[in-house]
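Chemist: My questions will all concern the structure given below.
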Ligand SMILES: NC(=O)c1ccc[n+]([C@@H]2O[C@H](COP(=O)([O-])OP(=O)(O)OC[C@H]3O[C@@H](n4cnc5c(N)ncnc54)[C@H](OP(=O)(O)O)[C@@H]3O)[C@@H](O)[C@H]2O)c1
């Protein structure tokens, strides 16, 4: 197995490859999938030195965890950091989050069963529940850790205040929020809190759901089940503007001799050694391309140039459809 540069998951004592693999797309969120091809992709990632796989019980309603379980059956499990999440209801019955302690426990049991594993390495609360004090949710996670069912605690879409409160109950290893050239204001605020506390920052959708690669899908051609169809960044009124941002990235990438996806990921990686992006792809060639970002070294001047080519707030369209915005960054 190849060795990639390593980064620490906060102060948990766990190190992972500087780029993880986001597995959400392997459960049909971005169109058709084939499980055998997905398992081969996961194996290719591990063989290339990727050691962190990012999942959630939400992705494909458990399909994603089952897929990872299959891919890691037997000795493949060794040395892999399995990250999964609980508590994102996705708007079912008008609810977006469940952080009740009893729900934390039952969710963990169900995830372990689907994964076919004894322990989850990194367990995230996927959405913060505004109706349950974060201290109570973290308290339940601490018990799971004491029972050996999880190794490290993490939060998603958490605001600085929630992160500080949670970290007082038990050290948080990682916070996963959306962060890319396209959407970064909340991520920047988050890092101001995670960094001094020694918490790793895991940017999700680091390619802006594919857009910064310059390969921008035409929403009209996507299947109804493809979530990009509903994302405002892909909406008709926003698409051309956002494409122009990708073109700026493309122009700098050409000069730098790399692909736009590599430049966009290198820019994210350059934000600090505590930053561990998890780009997602279904394709082995793109996996290799994305890992190539680890070899793209940017000077401070180049980072600044890229930052100002796509300045904070430049993207058009909210991060999620309007109805979901209130469930984020709580
Ligand atoms: N915590 C949360 O709420 C949350 C939310 C969203 C995502 N996530 C996590 O973050 C991971 C990554 O986010 P994401 O998948 O939404 O977005 P992303 O990594 O920004 O982009 C993925 C999209 O870009 C395409 N892509 C990837 N590499 C490419 C390349 N080199 N050239 C051209 N296109 C490329 C992929 O298509 P192909 O498959 O066709 O390559 C896919 O459609 C997810 O898998 C998930 O684990 C977490």
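Chemist: So residue 130 clears everything in (1) in contact (Cβ under 8 Å) with a residue 60 or more places away in the chain; (2) more than 14 Å from the ligand (Cβ to nearest atom); (3) assigned to a helix (DSSP H, G or I) except one condition, right? Which one?
Modeler: Checking residue 130 against (1) in contact (Cβ under 8 Å) with a residue 60 or more places away in the chain; (2) more than 14 Å from the ligand (Cβ to nearest atom); (3) assigned to a helix (DSSP H, G or I), the one that fails is (3).
Chemist: Moving on. Residue by residue through the range 63-79, note down the ones that are surrounded by fewer than 21 Cβ atoms within 10 Å (Cβ to Cβ) and within 15 Å of the ligand (Cβ to nearest atom).
Modeler: 63
Chemist: While we're on this one: Does the range 160-173 include one or more residues that are touching a residue at least 60 places away in the same chain (Cβ under 8 Å), within 16 Å of the ligand (Cβ to nearest atom) and closer than 16 Å to residue 12 by Cα?
Modeler: Looking for residues that are touching a residue at least 60 places away in the same chain (Cβ under 8 Å), within 16 Å of the ligand (Cβ to nearest atom) and closer than 16 Å to residue 12 by Cα, one finds at least one in the range 160-173, hence yes.
Chemist: Moving to a separate point now. Out of (1) within 15 Å of the chain's Cα centre (by Cα); (2) surrounded by fewer than 16 Cβ atoms within 10 Å (Cβ to Cβ), what's the single condition that is false for residue 276?
Modeler: Here residue 276 clears every test but (2).
Chemist: Now for a separate question. Scan the range 34-60 and report the pairs whose first residue is at positive phi and whose second residue is away from the ligand (no atom under 12 Å from the Cβ) and modelled with pLDDT of 95 or more, with Cβ atoms within less than 7 Å and a gap of 6+ or a chain change.
Modeler: Final answer for the pair search is 49/4; 49/17.
Chemist: Follow-up question, since we're still on this one. Could you list all residues from the range 284-298 that are under 22 Å from residue 178 (Cα atoms), within 11 Å of the ligand (Cβ to nearest atom) and touching a helix residue (DSSP H, G or I) at 6+ places or on another chain (Cβ under 8 Å)?
Modeler: Answer for the range 284-298, where residues must be under 22 Å from residue 178 (Cα atoms), within 11 Å of the ligand (Cβ to nearest atom) and touching a helix residue (DSSP H, G or I) at 6+ places or on another chain (Cβ under 8 Å): 286, 287, 289, 290, 292, 293.
Chemist: Considering only residues that are closer than 14 Å to residue 18 by Cβ and either surrounded by 24 or more Cβ atoms within 10 Å (Cβ to Cβ) or in contact (Cβ under 8 Å) with a residue 40 or more places away in the chain (or both), which ones fall in the range 255-273?
Modeler: 265, 267, 268, 269, 271, 272, 273
Chemist: Looking for something within 16 Å of the ligand (Cβ to nearest atom), buried (at least 17 other Cβ atoms within 10 Å of the Cβ) and assigned to a helix (DSSP H, G or I) - is there at least one such residue anywhere in the range 11-24?
Modeler: yes
Chemist: Against the definition (at pLDDT 95 or above, closer than 30 Å to residue 168 by Cα and either part of a loop (DSSP other than H, G, I, E, B) or within 11 Å of the ligand (Cβ to nearest atom) (or both)), how does residue 203 come out, yes or no?
Modeler: When the stated conditions are applied, residue 203 passes them.
Chemist: For the subset of the range 112-133 comprising residues that are within 27 Å of residue 319 (Cα to Cα) and within 21 Å of the chain's Cα centre (by Cα), which member is surrounded by the fewest Cβ atoms within 10 Å (Cβ to Cβ)?
Modeler: Only one residue fits best here, namely 129.
Chemist: Count, please, the residues in the range 58-89 that happen to be within 16 Å of the chain's Cα centre (by Cα) and over 17 Å from residue 35 (Cβ atoms).
Modeler: Looking only at that region, the number is 9.
Chemist: It is to be established whether one or more residues within the range 139-151 are farther than 26 Å from residue 292 by Cα, within 14 Å of the ligand (Cβ to nearest atom), part of a helix (DSSP H, G or I) and free of Cβ contacts under 8 Å to residues at least 12 places away in the same chain.
Modeler: So far as the range 139-151 goes, no, none of its residues is farther than 26 Å from residue 292 by Cα, within 14 Å of the ligand (Cβ to nearest atom), part of a helix (DSSP H, G or I) and free of Cβ contacts under 8 Å to residues at least 12 places away in the same chain.
Chemist: Hey, could you check the range 25-50 for residues that are assigned to a loop (DSSP other than H, G, I, E, B) and either surrounded by 23 or more Cβ atoms within 10 Å (Cβ to Cβ) or more than 15 Å from the chain's Cα centre (by Cα) (or both) and say which is farthest from the ligand (Cβ to nearest atom)?
Modeler: 49
Chemist: Considering 235, 220, 253, 301, which residue is out of contact with any strand residue (DSSP E or B) (no Cβ under 8 Å at 6 or more places or on another chain), more than 9 Å from the ligand (Cβ to nearest atom) and modelled with pLDDT under 95?
Modeler: Residue meeting the stated conditions: 220.
The values are calculated or read from the model by the stated rules, or taken from the named source; none is laboratory data. Note that this is a predicted model, so its numbers are computed, not measured. Here the Cβ is made from the backbone with ideal geometry for all residues, glycine too, and neighbour counts use every protein chain on show.
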